[in-house]
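Enquirer: Here it is, the structure, as structure tokens.
Computed from the coordinates by the stated procedures, all read-outs in this text should not be read as laboratory data. Keep in mind that this is a model prediction, so the values were computed, not measured. Cβ placement follows ideal geometry from the backbone for every residue including glycine, while neighbour counts extend to all protein chains displayed.
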Amino acid sequence: GQSSRSSSGPISRCMLAAVASSSYRRVRLKARTARARTHSTSRTMATSSPYQQLRDELAEIDALSGIEGLLQWDEQVMMPSGDGAASARAKASSALAGVVHAKRTASSLGELIELCGGRKVTQEKLGADATTFDVANVKRAAEGFDRASRVPPAMAKKGG
């Protein structure tokens, strides 16, 4: 039960609920922003830069990862009781982990990373407006893509 998982008092539980609620709102806002950006740019996708497309993909993956983290936190803190609750939660977590892993390892993401220069990216490659942050973002994306690609999908669904 909950009492065995946490010895925190009512104030701490309220604080956890507030943090979860805040995280949930942030994740929803990121997802809504990513959806709006996707819908508004779907017609102009051919004209947007590879780096902007990469940023859009990474924002969506980040939003899904946030939801995944929130689901894992909720499982630890607020697991519903009843027959099959743990099994249903495990199936949902596994399905979401599979979706996140598929997006992190999509060949289209790898192609965007390479179009941006991959691990050898430079500010010149990204364009006149590129910053050192943009360069670091592409390098981290390449590292994350390589790392995620080494994990078999079945293992990703098991949750680590």
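Enquirer: If the reach is capped at under 21 angstrom between alpha carbons, list the lysines near K91, excluding any in the same chain fewer than eight residues apart.
Expert: K103, K157, K158
Enquirer: If you don't mind, another one. Stretched out fully, how many nm does the piece from A59 to A128 gain, at 0.36 nm a residue minus the Cα gap?
Expert: 22.6 nm
Enquirer: May I ask you to derive the FRET efficiency for A102 and L70 from their Cβ-Cβ distance with R0 = 22 Å, giving the value to the nearest 0.05?
Expert: 0.70
Enquirer: As an exercise, find the ratio Rg/Rh for the stretch 73-160 from alpha-carbon atoms, using the Kirkwood inverse-distance average for Rh.
Expert: The Rg/Rh ratio comes out at 1.18.
Enquirer: Provide the FRET efficiency to the nearest 0.05 for the K120-M155 pair, computing r from the beta carbons and using R0 = 41 Å.
Expert: After rounding to 0.05, the efficiency reads 0.90.
Enquirer: So how do 145-158, 59-72 stack up, highest first, on mean other-Cβ count within 10 Å?
Expert: 59-72, 145-158
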